[in-house]
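What follows is a short report on a single structure.
Please treat every number below as a calculation from the coordinates, not as lab data. Since this is a predicted model, take the numbers as computed values, not measurements. We place every Cβ from the backbone using ideal geometry, glycine too, and count neighbours over all the protein chains shown.
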Amino acid sequence: MSAEQIAMAGFVAVRLDAITVHAGRRPLRDVGRLAESIAEFGLLHPITLTEDHLLIAGFHRLQAAKMLGWAAIAALVLSADEVRARLIEIAENLHRTDLSELERVQLLLEEKVYYEAAHRATKHGGAAAKHGGLGGKLGKVAGSATLPPMPASARFTTAKSAESGVAERTIRESLQIAMRLGPDLAARLAGLPISDQTGELLALARLPEAMRVRVADMLIAGGAEDVFQASSRIRRRDHAASFAAWPSPDLPTGDGPWGVLLADPPWLYAQRGHASMRAEKHYPTLPTAEIMALPVPSICAKQAVLYLWATSPLLADAMAVMAAWGFEYRTCGVWVKDRAAQGTWFRQQHELLLVGTTGEPHTPAPGDIISSVIHAPRQGHSEKPACVHQMIERLYPNAQRCELFARTTRAGWSSWGNEVP
């Protein structure tokens, strides 16, 4: 723009050496193409400054002007304090198309901080702060023009949703990502595929802090393709380590050999390509081969009964485990739940309780056996109905009983598992 065009447009020409750029800006990206465009078509969008010539917006345009050897540049000058100036700068940067999702959520969190600084009395629902911010005019343009007022709001997420048209829940999730990852972890993840994947970033942010760091380390090292794969591998390694010395000192070997076993293995669904892998979010799982390799035969009585929980997608795996442990399949019961879960072919609403024997143990007395269909409500994830323990106790009152992969202890039972207190 010529000096006359600048004046007619309501802008001012400011010498480049009079402009101050505050520290802590995002790293400068290649401005060569921008400089070429400005040289050919001119500066289409002036930079934005405060009245004391502190740069608010237009860092790359400013650098391009310096590259071109300009002495001055067209600028929009606002009467804005530090807080409002930073809000304007963030608002402009959030509209950039070259931002990664990780950069965007970090800017959004910074915007929230400055917004609340400008609305100290309204952070938790009070009246708008008297000095304005997003709730009032952002400042006057040099001359007589003014910027339009932004809608006032008691909460940042509400105001941002009204301004952007993005659901408030989505904004809260973006803030959750930025707050939980923090600047250090975000810097380490910059440039990786995950830095531009909202779902993956949210999944990482929702992990416990210690696991979050371990998963990030694995992703950075290239040891996994996504958050789920990384967390699954870490949990499997942790869980497998707890079985390395099996039987361990924690296993009550002194109470064996056992005549009745109840087992609820932590089946790994991913090994069969099943879409449902929710178990990984609740506890470490094991591949079927590792479950089969457990030395269960060494702790069983010569005449023993095994009650083995199985799900229909992994029924073949359960049968293989039963055979590897030295038991011959006899029959099964069905636990029918009060509501269905997810599934691939059917929405699963039942689990199987397989029964196998080794040797020739006594069968239950006819008057003691119950229906093969057990109706009981779902409880916590993978939690089994207590009536099964009660049934086994009634059928085998004098037997040595052991529960494998138990989560808690129970009177009259030996319990083994990595969650047993």
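Putting +1 on Lys and Arg Cβ atoms and -1 on Asp and Glu Cβ atoms, find which of Leu306, Cys332, Ile374 reaches farthest to the positive end of the dipole of the stretch 301-386.
Ile374
So which GluC sites (Glu not before Pro) in the stretch 21-80 pass both tests, a DSSP loop state and at most 14 other Cβ atoms within 10 Å of the Cβ?
Glu51
Please compute the Kirkwood hydrodynamic radius of the stretch 18-97 from all pairs of different C-alpha atoms, in Å with one decimal.
13.1
Given 10 Å bins starting at zero, what is the percent of C-alpha pairs of the stretch 330-400 in each, up to the one with the largest pair distance?
16, 46, 27, 11, 0
Place +1 on the Cβ of every Lys and Arg and -1 on the Cβ of every Asp and Glu in the stretch 253-416, take the dipole about the Cα centre, and give the residue among Phe346, Pro364, Asn398 whose Cα lies farthest towards its positive end.
Phe346
When only alpha-carbon atoms are used, what values of Rg and Dmax, in angstrom, describe the stretch 253-416?
Both quantities, over Cα of the stretch 253-416: 15.4, 45 Å.
From zero outward in steps of 10 Å, how is the percent of C-alpha pairs of the stretch 380-421 spread across the bins?
P(r) over the stretch 380-421, rounded to whole percents: 27, 57, 15, 0.
When the distances between all Cα atoms of the stretch 160-211 are binned every 10 Å from zero, what whole-number percent does each bin get?
24, 51, 23, 3
In whole Å, what is the distance between the alpha-carbon centres of the stretch 402-418 and the stretch 59-95?
66
Take Arg180 and Ser37, extend 7 Å from each Cα along the Cα→Cβ direction, and tell me the distance between the two endpoints in nm.
3.6
Work out Dmax and Rg for the stretch 302-368 from the C-alpha atoms and quote the Rg first, both in angstrom.
Taking only Cα atoms of the stretch 302-368, I get Rg and Dmax of 14.0, 40 Å.
Please give the FRET efficiency for Glu383 paired with Glu51, using the beta carbon to beta carbon distance and R0 = 60 Å, rounded to the nearest 0.05.
With a Förster radius of 60 Å, E is 0.40.
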